[in-house]
Structure formats: structure tokens, C-alpha cells
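The values are calculated or read from the model by the stated rules, or taken from the named source; none is laboratory data. In this text the structure is predicted, and so the values were computed from the model without any measurement. Methodologically, a virtual Cβ is constructed for each residue, glycine included, from the backbone with ideal geometry; neighbour enumeration extends over all protein chains shown. These area figures cover heavy atoms from the full protein model, side chains too; ligands, DNA and RNA do not enter into them. Shrake-Rupley method; radii C 1.70, N 1.55, O 1.52, S 1.80 Å.
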Amino acid sequence: MTDSLSLYIHWPFCLAKCPYCDFNSHVRDEIPQKRFAAALRRELAHDAARLGRRRLNAIFFGGGTPSLMAPETVAALIEDAKTLFDPVPDLEITLEANPTSVEASRLAAFREAGVNRVSLGIQSLREDALRLLGREHSAPQAIKALETARALFPRISFDLIYARPGQSPADWSDELSTALDLVADHLSLYQLTIEPGTKYEALHRRGEITLPDDETAATLYTLTGDVAATRGLLPYEVSNYAKPGCESRHNLTYWRYQDYLGIGPGAHGRMTFNSTLHATRRHRAPEPWAELVEKHGTGSREETPLSAEERGRESLLMGLRLTEGINAAAFQNRTSRSLTDCMDPDILTACLEEDYLSFDGTTLRATSEGRLRLESLLARLVL
């Protein structure tokens, strides 16, 4: 629906750069809080003036490390968004936080600012794994942050990274069970991968880091679903599990290929202007982005109309990640293309025969076997 949207606000600063991370995050000796608060508010107002009074479904503060933002900045941006758009009555407002003592001490202030859902970057409850991942917190700090968040927020999510060097299924089952016993209505689980340009890429190239083979990684993935299910969390997306009704509304906006406004350094968006869907992107580097906003009201670097072919491709790549799959009628309405026209017919037939996909003419879904190999499947399937 083009009359509604979600809002993503990017805070680009971190205390340290994790060796596996390829996100747009930056370390500064001193974070220019006032300058970036003013720039974010100005860019939000600039884009809201163009979009008009759209219905606002969710706000997501991501990064970087948005829990390094001053709580008053978070409060001001929430109030601006509610004033500039028409918020739904149960507006979801998520903020990502790490479980360092500095950030955990701010959680109450973020709750007071209006945040009603927190996503904690736990990543692991093992001290050796946290050191390997370059995290700034300890396992006791992670547990303390989970307990603090549980007392403050009605909805909590946390991230864990699996398929780490030397990780066994028994170790993963124990670690995941411990985390879920503490608190969870939503869980994001990410397989450790080697990303270009990261410290891990250099270590992997020199043979100093070895990841589990594909068979072990698949075993860990399957085990994840089994353990999560015992706590009532179901996989609604390839890497995300939730109790019914606790799915991330903001992230569902991405996967359902709906409109979202992204502001802040490097933020991407998909926005409908003049009945045409556009891909938007902000300047990646923080200080040049702020300078552009101060001069022009926006740090926009790209605003490109998407063709029907591009819309079809993007919608397929996102929608097949969802357990609910893709509705053929909604797909055609959004992309102006038939769902089957966007897929290689021979590969589609093979995927259906191998039970990697199911398609009843109304809904296309990846099966559990299909989700295990989704990335390679999509690379061949989508035209």
C-alpha cells in the first residue's frame, strides 16, 4: 500500500568496528551529537514535506549503534515523525542497542523517549566467542542487559551469530536455549559469513579463521528452528523467529516490498512519488552527509525510478525470504508484472519438483528445504 510507510533512521557511529561487520558504521573519538541530531531532524522534515501525510506504521532506529544517541534526540525524532505523518495507534518504535554497561544504562531513558521495542545485539553468550567477534561487552553484561530490557519494554528482540569457528551443534543448542530462557518474543539469528573489505576477510584469506562447512552450518540452522519452536517462536523469515503477533513490523515492510523512508548517512529507501516507486540512497560518509543536509535539506545521493523488471526482481528476492511467501495478485499490483514472468521457467519447474518451492497459483513459497539453500536458489531462479 503506497499510502503507508515505515521510517528507518540511521545512526552511523559505533564504539568500535566489529571485524565481521560490513555495515555503514564509523568510530569517532567524539560523536557530534548536536550536529547529527539537527541534520536528522532536518532531513526528516524535508522528505515529509514531499511525501505528505502518509500513514506511519513503524519507526526503526538502526546503525551503527543508535543507543549511542542522546535520548533527547530519539524523543525529538519520534515526536517529529508523529507530527509529520499519521501514526497508527499501536505504532511500533524499535531501537537497536548493544549490551555494554554504557548503553544498558540508557535503556530507561529510551523507554521514556517513546521507544516500545528494543533489539539487543547480544551476538553470543560465550566469552571466547565474544572476543572472537570483537564485541565490547561480556556475557554477564549481555544477561544483565536482557534482564533490564525485560523490565522496561513490552517487546524485546535480540541477535545471535552462529556457525562460528569450532562451534558444535551441542554448544549452539545450549547457548540458544540459555538465551531464550532469559527473554524472547523475537529472535534474529545470523550465520557468520566472510564479507569483502572486513578484517575477517583478511584473516580468512590467511587461513587464520575457518568457518564450519556447509553441512554443519545447515545442521546448526535446522537445530535453531527446533530449539526456537520449543519456546513458541516460529520462523516467519529465513533469519527471524517470533511468537505469533510479535514479528517485526518494520522489517516486514522490507520483505513485503512496501514503502519505507530511510534517512541518515547511507540509508536506503523505497518510496512512491507520483505513482512511481523510487530507490533512494543517502550519502554514505557521515560528515559529508551532514554538510549536504545543512546546505540542501537532504543528503540524497540517488533517487532512481524502478522499472517493472527491477520491481519484480526485488520483490521476489525479498518475498521468498518470508514463510508466508508471495501473493501473486499483490505482486502484480506492486510490480506491474506477472509473478511467473519474473522467474526462469525451467528452474521454477525443477524447484517445484524437488520440493524447494510450492506454488498453488495464488501463493509462491520456499519450503523448509528451499530455505536451507535459498541464496543459491534465488541466484538461478530470479530473472
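Quick look at the values:
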quantity: Complete set of residues in region 28-37 that are closer than 11 Å to Glu294 by Cα and either open to solvent by less than 40 Å² (accessible area, probe 1.4 Å) or without any contact (Cβ under 8 Å) to a residue 40 or more places away in the chain (or both); calculated: Phe36
quantity: Residue in region 76-99 that is surrounded by fewer than 21 Cβ atoms within 10 Å (Cβ to Cβ) and under 30 Å from Asp174 (Cβ atoms) present; calculated: yes
quantity: Residue within region 374-383 that is open to solvent by 80 Å² or more (accessible area, probe 1.4 Å), in contact with a helix residue (DSSP H, G or I) (Cβ under 7 Å, 6 or more places away or on another chain) and touching a residue at least 24 places away in the same chain (Cβ under 8 Å) present; calculated: yes
quantity: Region 288-315, subset under 19 Å from Tyr8 (Cα atoms) and charged (D, E, K, R), residue most open to solvent (accessible area, probe 1.4 Å); calculated: Arg301
quantity: Where a residue in region 330-359 is aliphatic (A, V, I, L, M) and its partner, wherever it lies, is open to solvent by 70 Å² or more (accessible area, probe 1.4 Å), with Cβ under 6 Å and at least six apart; calculated: Ile347/Arg380
quantity: Qualifying position, being crowded, with 21+ Cβ neighbours inside 10 Å, among the β-branched types (Val, Ile, Thr) and not in a loop (DSSP other than H, G, I, E, B), among Ile143, Ile122; calculated: Ile122
quantity: Matching residues in region 104-119 - criterion: being open to solvent by less than 10 Å² (accessible area, probe 1.4 Å), under 14 Å from Lys144 (Cα atoms) and outside any helix (DSSP H, G or I); calculated: none
quantity: Residue in region 219-237 that is open to solvent by less than 50 Å² (accessible area, probe 1.4 Å), in contact with a Lys or Arg (Cβ under 6 Å, 6 or more places away or on another chain) and modelled with pLDDT under 90 present; calculated: no
quantity: In region 146-167, residue least open to solvent (accessible area, probe 1.4 Å) [restricted to those that are modelled with pLDDT of 90 or more and more than 16 Å from Gly121 (Cα to Cα)]; calculated: Leu152
